[in-house]
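Student: First the structure, then my questions, so here it is.
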Amino acid sequence: MNNMKKYSIKIVLMLICFISMGSCGDSPIDEDGLLITVRNDCYVSNFELLDTDLQTVRVGNSYIDTLQQVVIAYVRFGTPINNLWPQFSLCTDGKLTPKITGRVDFTPSKMDVAFTDGDWVAGYGSEQLSTRIIADKSAFPKNALKYTVISGNRKVEKEYTVLVVERPMQ
Amino acid sequence: MNIKYKYLFSMLICGLALVSCNNDITLIGDSVTALSNECIKRSLPVAPNIVGSNIEFAYAMAIPKELGTLKSAQVTASIAGAEGTYFNPNSYNTNNAGIDVPVLVAAESTTSGATTSTTFTVDTCAATLRYYYIIPEEARGKEVSFTFSVKASNGQTAEYKMGPYKISKMDMTLNQVLTSGNKCYISFRTDNEALHIYSAADIQANSSLASQIDLVYSYNASADLTHGFFAANSPEVYRPNVVFPNGFSNNTKILKVYGLRDRQLANLNYSQHVDDLDLETMDYTNAESFAVKMVAEAGLWIETGDGKYRAYVFINKIAANTVTISAKRYAL
């Protein structure tokens, strides 16, 4: 019995030593209660637009140019765009500002484009059309909506311009 | 050790011998000594009660056999029911297969004022009669209560009160078929009808009707447009080849929804109900002037241009050039 006591005291003391050494590191939380991590990626990976009936109004995926920081959403002919719900998919740990708290009027982002052959392939906007739109930044609507993505470590900020292009009637 | 086990074993045997089940039959509650009754509402419990449709009750009455038989039953409503209010003279009971079996026990019911009554034609000591109250125009927006009562051959009576039930202010119209280009002019302004559809011929005969039209329906073969509903101020580019009648000027507000399958409009097994409160509190600030690419089971929240009427329109069925719709309308 005495032997047991000696050993158990030693074991308990060692455990206490180890526990006090292994504490959790600093867990910084930003002003929105979100964790600040070490990631410095900063991009939008997907952009969705929903109408009042909660169905998507896009045709195909939105075209996202992370270098030029532009998102182009191609929408169906006949889409009313003053009452849409935008949904951004961001990089891991990323944050968006301004926050989306309700439906948004995307009329200022609507862009009229003169289409040429090859712009629409099987009903979807082609690479050719997207790159041509982005190449001419001066033709962007003056008040196109802009959203800023903030990286996980809160050190990198990228401002994306959102454009909405309506597909011609099919 | 041996003695210990033997001791435990004998205790166990004794214990088991003392345990047994009680096989006596006991009554739950007091035994019945007089005429008694009960009533339940059989029509949809949470759906709005709409003028013109009915509220159905099942009224159960019973008296112990040795005391006598049932003589007559009656119900008095706080607001007299419309034409067609009656007591079904059959008593229903559910058989082993779960099917309600009717047994004729009473005479045809008679209604005078707010009271509907019937007398029993066979000797029966227990019956469940169904009462159908057709909701009258006078009850719109008010509350209705019912008092059921029964008389037995030995002079005993029993009474059961039901209600009050709130009657909706809405009108409802079901399954109106529209045809693009012909029967496609929708009006929400007719008395007692949620929807009235005018045809091209109606408008030609009476051009003043054009001011009554709130929406024009049109079908376009383009996959982007298909079935569309348009107000007077809808962009022309989204309604190619649609002809608006002269004098159509209502800037109706439209909000598109999908999957709101109101139980009374859709007649599908979803427990969703559009009630007075939904239309009273609907927010039309960001509404559109048109809705295209409508599909079956989609819906439209409508507010007429002058703000007098609001409605919920449900798309029941679609086919090329035609659509079937049902609506509930609320007058603000």
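The values are calculated or read from the model by the stated rules, or taken from the named source; none is laboratory data. Quantities reported herein were computed from a predicted structural model and do not represent experimental measurements. All Cβ positions, even for glycine, are placed from backbone atoms using ideal geometry, and neighbour counts span all protein chains on display.
Student: Pairs please, first residue from the stretch B:222-240 and at the interface with chain A (Cβ under 10 Å from one of its Cβ atoms), second anywhere and in a helix (DSSP H, G or I), Cβ atoms under 8 Å, 6+ apart in sequence or on different chains.
Tutor: B:Leu225/B:Tyr238; B:Gly228/B:Tyr238
Student: Of the residues that sit in the stretch B:264-295 and are among the acidic types (Asp, Glu) and either under 17 Å from A:Pro80 (Cα atoms) or without any contact (Cβ under 8 Å) to a residue 12 or more places away in the chain (or both), which one is farthest from the other protein chains (Cβ to nearest Cβ)? Step through it out loud before you land on a result.
Tutor: Filtering the stretch B:264-295 down to residues among the acidic types (Asp, Glu) leaves B:275-276, B:278, B:280, B:283, B:288.
Cutting the leftovers down to either under 17 Å from A:Pro80 (Cα atoms) or without any contact (Cβ under 8 Å) to a residue 12 or more places away in the chain (or both) gives us B:283, B:288.
Working: B:Asp283: 11, B:Glu288: 4 Å.
Checked the stretch B:264-295; the qualifying residue farthest from the other protein chains (Cβ to nearest Cβ) is B:Asp283.
Student: Identify the residue in the stretch A:116-126 that is more than 14 Å from every other protein chain (Cβ to nearest Cβ) and free of Cβ contacts under 8 Å to residues at least 60 places away in the same chain and, among all such residues, is surrounded by the fewest Cβ atoms within 10 Å (Cβ to Cβ).
Tutor: By that ranking, first place goes to A:Asp117.
Student: Which residues, counting only those in the stretch B:118-170, are within 30 Å of B:Glu193 (Cβ to Cβ), part of a strand (DSSP E or B) and among the polar types (S, T, N, Q)?
Tutor: Matches in the stretch B:118-170: B:Ser145 only.
Student: Testing B:Ser43 on (1) touching a residue at least 24 places away in the same chain (Cβ under 8 Å); (2) surrounded by 12 or more Cβ atoms within 10 Å (Cβ to Cβ), one condition comes back false. Which one is that?
Tutor: (1)
Student: To continue, here is another question. I'd like to check which strands (runs of 3 or more DSSP E) are fully inside the stretch B:197-288 and have at least 2 residues that are in the same structural domain as B:Ser187 (by TED's automatic domain parsing), closer than 24 Å to B:Lys169 by Cα and of a type outside the set (A, V, I, L, M).
Tutor: So the answer is B:253-258.
Student: Considering only residues that are farther than 30 Å from A:Asp30 by Cβ and surrounded by 16 or more Cβ atoms within 10 Å (Cβ to Cβ), which ones fall in the stretch A:133-170?
Tutor: A:Ile133, A:Ile134, A:Val164, A:Val165, A:Glu166, A:Arg167 - these are the residues of the stretch A:133-170 that are farther than 30 Å from A:Asp30 by Cβ and surrounded by 16 or more Cβ atoms within 10 Å (Cβ to Cβ).
Student: A follow-up question, please. Is it fair to say B:Gly299 is within 13 Å of another protein chain (Cβ to nearest Cβ) and in contact with an Asp or Glu (Cβ under 7 Å, 6 or more places away or on another chain)?
Tutor: no
Student: List the strands (runs of 3 or more DSSP E) that sit entirely inside the stretch A:28-115 and contain at least 3 residues that are β-branched (Val, Ile, Thr) and surrounded by 13 or more Cβ atoms within 10 Å (Cβ to Cβ).
Tutor: Result: A:70-75.
Student: Hey, another quick one. Please state which one of B:Ile325, B:Ile254, B:Ile315 is more than 14 Å from chain A (Cβ to nearest Cβ) and either at negative phi or touching a residue at least 24 places away in the same chain (Cβ under 8 Å) (or both).
Tutor: None of the other options fit; the residue is B:Ile325.
Student: Further question on the same structure: Could you give me the residue pairs with C-beta distances under 6 Å whose first residue belongs to the stretch A:43-55 and is touching a residue at least 24 places away in the same chain (Cβ under 8 Å) and away from chain B (no Cβ under 14 Å), whose second residue is surrounded by fewer than 21 Cβ atoms within 10 Å (Cβ to Cβ) and among the polar types (S, T, N, Q) wherever it lies, and which are 6+ apart or on separate chains?
Tutor: A:Tyr43/A:Thr66; A:Ser45/A:Ser89; A:Asn46/A:Ser89; A:Glu48/A:Gln87
Student: Between A:Arg103, A:Arg132, which is within 14 Å of another protein chain (Cβ to nearest Cβ) and basic (Lys, Arg)? Please lay out each step first, then the result.
Tutor: Details: A:Arg132 fails: within 14 Å of another protein chain (Cβ to nearest Cβ).
Testing whether each residue is within 14 Å of another protein chain (Cβ to nearest Cβ) and basic (Lys, Arg) leaves just A:Arg103.
Student: Go through the stretch B:196-221 and give me each residue that's within 30 Å of A:Val75 (Cβ to Cβ) and away from chain A (no Cβ under 14 Å). Spell out how you get there, then give the answer.
Tutor: Looking only at the stretch B:196-221, we keep the residues that are within 30 Å of A:Val75 (Cβ to Cβ), and these are B:213-221.
Across the stretch B:196-221, the qualifying residues are B:Ile213, B:Asp214, B:Leu215, B:Val216, B:Tyr217.
Student: Kindly establish whether B:Asp100 is more than 30 Å from B:Lys308 (Cβ to Cβ) and at pLDDT below 95.
Tutor: yes
Student: Sticking with this structure for a sec: With respect to B:Thr173, determine if the residue is of a type in the set (Val, Ile, Thr) and either closer than 30 Å to B:Gly68 by Cβ or within 14 Å of another protein chain (Cβ to nearest Cβ) (or both).
Tutor: Answer is no for this residue.
Student: Here is a follow-up. Which residue out of B:Ala73, B:Ala80 is hydrophobic (A, V, I, L, M, F, W, C) and in a loop (DSSP other than H, G, I, E, B)? Walk me through it before giving the result.
Tutor: Details: B:Ala73 fails: in a loop (DSSP other than H, G, I, E, B).
Going through B:Ala73, B:Ala80 in turn, just one is hydrophobic (A, V, I, L, M, F, W, C) and in a loop (DSSP other than H, G, I, E, B): B:Ala80.
Student: Here's something else I'd like to know. Just one of B:Ala298, B:Ala291, B:Ala311 is of a type in the set (Gly, Ala, Ser), modelled with pLDDT of 95 or more and under 19 Å from the mean Cα position of the chain (by Cα); which is it?
Tutor: B:Ala311
Student: Just for the stretch A:135-170: of the residues that are touching a helix residue (DSSP H, G or I) at 6+ places or on another chain (Cβ under 9 Å) and of a type in the set (A, V, I, L, M), which one is farthest from the other protein chains (Cβ to nearest Cβ)?
Tutor: The residue in question is A:Ala139.
Student: Still on this model: Suppose we keep only residues that are under 26 Å from A:Tyr74 (Cα atoms) and hydroxyl-bearing (Ser, Thr, Tyr) within the stretch B:222-257. Which one would you say is surrounded by the most Cβ atoms within 10 Å (Cβ to Cβ)?
Tutor: B:Ser234
Student: If I filter the stretch B:171-180 down to residues being in a strand (DSSP E or B) and on the phi < 0 side of the Ramachandran plot, which single residue comes out as surrounded by the most Cβ atoms within 10 Å (Cβ to Cβ)?
Tutor: Once the filter is applied, the top-ranked residue is B:Leu178.
Student: Are any residues in the stretch B:106-117 more than 24 Å from the chain's Cα centre (by Cα) and assigned to a loop (DSSP other than H, G, I, E, B), and if so, which ones?
Tutor: Of everything in the stretch B:106-117, those that are more than 24 Å from the chain's Cα centre (by Cα) and assigned to a loop (DSSP other than H, G, I, E, B) turn out to be B:Ala107, B:Glu108, B:Gly113.
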